[in-house]
Amino acid sequence: MATQIFVNLPVKDLDKSKEFFTKLGFTYNPQFTDENAACLILGENIYAMLLTEPFFGNFTKKSISNAKETTEVLIAIDADSRKGVDEMIQNALAAGGSTYMDPMDFGWMYGHSFADLDGHQWEVLYMDIEAMPKRSE
């Protein structure tokens, strides 16, 4: 069983990406942050490595996709409330991000999404597990 997760994302301008996510309230692990990469702390033992495109290219033999044109991954993170979802989206928009889907409201689960400066898609979700419909067996 894994004890940590590192999602690696290519970015065009590392400084602008760091500034963007800082405006959303995130911080960085300086141990894994330099001029080529920034270790964005998403939660306990959950990180997104923001890698400059040339540095990212060292870890793959495939071409790097343009996340503004294609979807390579949907990154889902949780919020502590519906208000927290909306605040994260508002902060992302104020920092230069964009939305790509309308909010989704299933009663027990509420979510909205934003695209960061490089077009990576981030889903922000609040789930009230107690209100989740029970599965029939």
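State the number of residues belonging to segment 70-81 that are modelled with pLDDT of 95 or more and either more than 23 Å from Tyr126 (Cα to Cα) or among the β-branched types (Val, Ile, Thr) (or both).
2
Of all residues being of a type in the set (Phe, Trp, Tyr) and surrounded by 17 or more Cβ atoms within 10 Å (Cβ to Cβ) in segment 90-120, which is nearest to Phe20 (Cα to Cα)? Just the residue, please. Spell out how you get there, then give the answer.
Just the residues of segment 90-120 that are of a type in the set (Phe, Trp, Tyr), to begin with: 100, 106, 108, 110, 114.
Next, from what is left, pick out any that are surrounded by 17 or more Cβ atoms within 10 Å (Cβ to Cβ): 110, 114.
Values: Tyr110: 24, Phe114: 12 Å.
Looking at the filtered set, the residue picked out is Phe114.
Name the pairs whose Cβ atoms lie under 7 Å apart, with the first residue in segment 75-94 and touching a residue at least 12 places away in the same chain (Cβ under 8 Å), the second part of a helix (DSSP H, G or I) and buried (at least 16 other Cβ atoms within 10 Å of the Cβ), and 6 or more positions between them or separate chains?
Listed pairs, sorted by first residue: Ala79/Val85; Ala79/Met88.
When you scan segment 74-89, how many residues do you find that are within 17 Å of Leu40 (Cβ to Cβ) and surrounded by 12 or more Cβ atoms within 10 Å (Cβ to Cβ)?
Summing the residues that are within 17 Å of Leu40 (Cβ to Cβ) and surrounded by 12 or more Cβ atoms within 10 Å (Cβ to Cβ) in segment 74-89 gives 6.
Could you pull out the residue among Glu44, Glu35 that is closer than 20 Å to Ile5 by Cα, loosely packed, with under 11 Cβ neighbours inside 10 Å and assigned by TED's automatic domain parsing to the domain that holds Met1?
Glu44
The values are calculated or read from the model by the stated rules, or taken from the named source; none is laboratory data. Quantities reported herein were computed from a predicted structural model and do not represent experimental measurements. Note that we place each Cβ from the backbone using ideal geometry, even for glycine, and neighbour counts take in every protein chain shown.
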